[in-house]
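Note sheet for the following structure.
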Amino acid sequence: MGASLRAVRALVLLSGFYLLGVVLLAVLAGLDYAAFTAGLHGPALFKLAIVSVVLAVPIVRGMLMLRTPKGEPPAGVPVTEAQEPLLWQTVRDTARQVGTRAPDEIVLIGEVNAAVSEDARLLGLRAGTRRLYIGLPLMAGLDEMQLRAVLAHEMGHYANLDTRLTPLIARGRAQLIRTIGHFHERADHKVATERAKQEKKAEARIAKGKKAKAVDTTGQGALYRGMARIYTAYGKLYMRATLSSARRQELAADLASVRVAGRDSTASALRELNALDSAHDFYMGSYATLGVGAGLLPRPGEVFGGLRRLLDARTEELEDLRRELSTEPTSPYDSHPALAERVARIEALPDDGRSGQAARPALELLSAPGEALATLEQAVLTPQALALERVDWDDLVHASMTHYVGQGAQDVREALTAEGAGPGLATLLDAVDADPAVRWRITDRFPKSEQASAATGRAAREFARPVLRRALSQLVTADLTARGAARWQLSWSESAALRYPSEGFEEQLGLALDAAVADLPDTEPLRKLVLAP
């Protein structure tokens, strides 16, 4: 479907919203007129008129929404051509190859994403300022040809006038959502008012020693909800129509990528996006923000820049993510076709002879990648985050893990103190030697599963034993790290690991913990291994 036909359809769908409003207003007016001509007078006619006016208000308010709401753009750093000449040249070359006007602004953002927008005016009839958003985490995972494929896809949206039609489509969606919301608000208010009225009557009856009736708001707000259902039905039609068009636009933009970057680079870029999206989420949760609880962040530029370290270390996992594309069927309300479908369409195209094109890392298109990453942090992170202490990765991992283990150990110490076993490892072992049963009383203070709570005797001890062992291990770890005898070690390929004082220490510790939680406890191995000077 060409841009002109899509524009006509968008206008028709938007007009349908106004037509629906006019029809409903006419129906309300017609009912009032029919009631009047049928001889209805007095309070009944007045009440019907009031109901019609109240129902008409949300309809008229929705129709009078003349300004299209603008969403918040992603936080980022605008870069000029003087600051990033190579990136701008690449974008301009890509736009020329696609056959469209290049963006007026480029904004670097902190997402695994690229997007375009246009401040079109007069419902998309007049062009406006074009902006291209490029995620630095995205660039960290792509090479130059893959990035060109992504850029060509976004320029394809410009060429197909997708961004020009966005305000028109967004206005219709916003008006429908607002109108439906108004009706639901009025229905909820009606229910709340009736509930309060009935509860007040019930309280008065109870005060007089009478039995109160149950609150029943059935049927309250039914007219409002009925009107909301009418608009919801049209909203579903509107969404299905506009989003089916959006899915076709994505496929058309993919073809622009193939023309510019080639079949293989385009397909690999989409596969890489699938891997990068998961890797970035994992990185941000497990590395970049690991130290926030301890008041720490990595060095400037590393909050987003450290992703590259993870990508280099987890090649096998990323390869699996590149292969395992989602095959979930597309919903009528999805804005994009399934990624597997897009890749399959591209890879089914004839070989264009551009496989194996040599390409540098996409970040090398920036004049100073490290500075760009650091500047992005200043624009994206909150003031609270920017105020945190900045440390090297090794120190961040050790300090963070020590902090979290210490928090867990504090919970254990509180349980020990409550049972009179003291707050530390040494006092606990003394208490165990004096009364082995104290161990099970301590574990009773920790959360239990339903099965563990119901168990008794030997079965209860078997549920409690791993809990006790884990608590002892936390105390040992907290003690060793506090004395500098053990250190948490950073790993980009797997979870952080505790580096013990000597080779074989971990195995000896496991045996000592087993001895301490046995039915006949022996605390001596743990004393010698951990507490001996």
I'd like to check something: does the range 401-410 contain any residue that is at pLDDT below 95, hydroxyl-bearing (Ser, Thr, Tyr) and in contact with a strand residue (DSSP E or B) (Cβ under 8 Å, 6 or more places away or on another chain)? yes
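Residues are listed down the side, and each one gets a yes or a no for (1) open to solvent by less than 50 Å² (accessible area, probe 1.4 Å); (2) touching a Gly at 6+ places or on another chain (Cβ under 8 Å); (3) more than 30 Å from His280 (Cβ to Cβ); (4) among the aromatic types (Phe, Trp, Tyr):
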site: Met139; (1), (2), (3), (4): yes, no, no, no
site: Tyr158; (1), (2), (3), (4): yes, no, no, yes
site: Gln175; (1), (2), (3), (4): yes, yes, yes, no
site: Ile180; (1), (2), (3), (4): yes, yes, yes, no
site: Lys190; (1), (2), (3), (4): no, yes, yes, no
site: Gly209; (1), (2), (3), (4): no, no, yes, no
site: Val215; (1), (2), (3), (4): no, no, yes, no
site: Thr218; (1), (2), (3), (4): no, no, yes, no
site: Ile230; (1), (2), (3), (4): no, no, yes, no
All but one of (1) buried (at least 16 other Cβ atoms within 10 Å of the Cβ); (2) part of a loop (DSSP other than H, G, I, E, B); (3) under 20 Å from the mean Cα position of the chain (by Cα) hold for Val303, so report the exception by its number. (2)
Condition first: farther than 14 Å from Glu154 by Cα and basic (Lys, Arg). Now tell me which residues in the range 249-278 satisfy that. Arg263, Arg271
Tell me, please, whether a residue that is within 21 Å of Glu414 (Cα to Cα), out of contact with any Cys (no Cβ under 9 Å at 6 or more places or on another chain) and of a type in the set (Gly, Ala, Ser) can be found in the range 489-511. no
For the range 211-231, does any single residue satisfy the condition of being aliphatic (A, V, I, L, M), within 26 Å of the chain's Cα centre (by Cα), at pLDDT 85 or above and at negative phi? no
Would you confirm, using the coordinates I've provided, whether Ala387 is open to solvent by less than 40 Å² (accessible area, probe 1.4 Å) and either of a type in the set (Ser, Thr, Tyr) or on the phi < 0 side of the Ramachandran plot (or both)? no
Among the candidates Ala486, Ala471, Ala482, residue that is in contact with a strand residue (DSSP E or B) (Cβ under 7 Å, 6 or more places away or on another chain), within 22 Å of Arg413 (Cα to Cα) and aliphatic (A, V, I, L, M): Ala486
Could you list all residues from the range 508-533 that are open to solvent by 70 Å² or more (accessible area, probe 1.4 Å), in a helix (DSSP H, G or I) and closer than 27 Å to Ala399 by Cβ? Gln508
So which of Gly71, Gly124, Gly99 is surrounded by fewer than 18 Cβ atoms within 10 Å (Cβ to Cβ), at pLDDT below 90 and either within 30 Å of the chain's Cα centre (by Cα) or over 30 Å from Met284 (Cα atoms) (or both)? Gly71
Mind checking which pairs have a first residue in the range 357-381 that is in contact (Cβ under 8 Å) with a residue 60 or more places away in the chain and more than 16 Å from Ile134 (Cα to Cα) and a second that is hydrophobic (A, V, I, L, M, F, W, C) and open to solvent by less than 50 Å² (accessible area, probe 1.4 Å), Cβ under 6 Å, 6 or more apart or different chains? Gln357/Met145; Ala359/Met145
Residues located in the range 306-318, provided they are more than 23 Å from the chain's Cα centre (by Cα) and either touching a residue at least 60 places away in the same chain (Cβ under 8 Å) or open to solvent by less than 60 Å² (accessible area, probe 1.4 Å) (or both): Asp312, Ala313
Residue within the range 472-484 that is within 39 Å of the chain's Cα centre (by Cα), closer than 30 Å to Tyr287 by Cα, among the aliphatic types (A, V, I, L, M) and outside any helix (DSSP H, G or I) present: no
Residue count, the range 436-454 (criterion: under 35 Å from the mean Cα position of the chain (by Cα) and more than 18 Å from Val412 (Cβ to Cβ)): 3
Filter the range 319-334 for residues that are in a helix (DSSP H, G or I) and either within 16 Å of Ala267 (Cβ to Cβ) or open to solvent by 70 Å² or more (accessible area, probe 1.4 Å) (or both) and give the result. Glu319, Leu321, Arg322, Arg323
Residue among Ala496, Ala454, Ala459 that is in contact with a Phe, Trp or Tyr (Cβ under 7 Å, 6 or more places away or on another chain) and small (Gly, Ala, Ser): Ala496
Only one residue in Val343, Val380 is more than 21 Å from Pro137 (Cα to Cα) and of a type in the set (A, V, I, L, M). Which one? Val343
Looking only at helices (runs of 4 or more DSSP H) that lie completely in the range 373-461, which have at least 1 residues being out of contact with any His (no Cβ under 9 Å at 6 or more places or on another chain) and over 30 Å from Ser495 (Cα atoms)? 393-418, 425-434, 438-443, 450-454
Only one of (1) open to solvent by 40 Å² or more (accessible area, probe 1.4 Å); (2) without any contact (Cβ under 8 Å) to a residue 60 or more places away in the chain; (3) farther than 25 Å from Trp393 by Cα does not apply to Gly504, and that is (1)
In the range 335-359, what residues are open to solvent by 60 Å² or more (accessible area, probe 1.4 Å) and part of a loop (DSSP other than H, G, I, E, B)? His336, Ala348, Pro350, Asp351, Gly353, Arg354, Ser355, Gly356, Gln357, Ala358
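The values are calculated or read from the model by the stated rules, or taken from the named source; none is laboratory data. Keep in mind that what you see is a predicted model, and the values were worked out from it rather than measured. Reconstructed Cβ throughout: ideal geometry from the backbone, glycine too, with neighbour counts over all protein chains shown. To get the accessible areas, we keep the full protein, side chains included, count just its heavy atoms, and leave off ligands, DNA and RNA. Shrake-Rupley method; radii C 1.70, N 1.55, O 1.52, S 1.80 Å.
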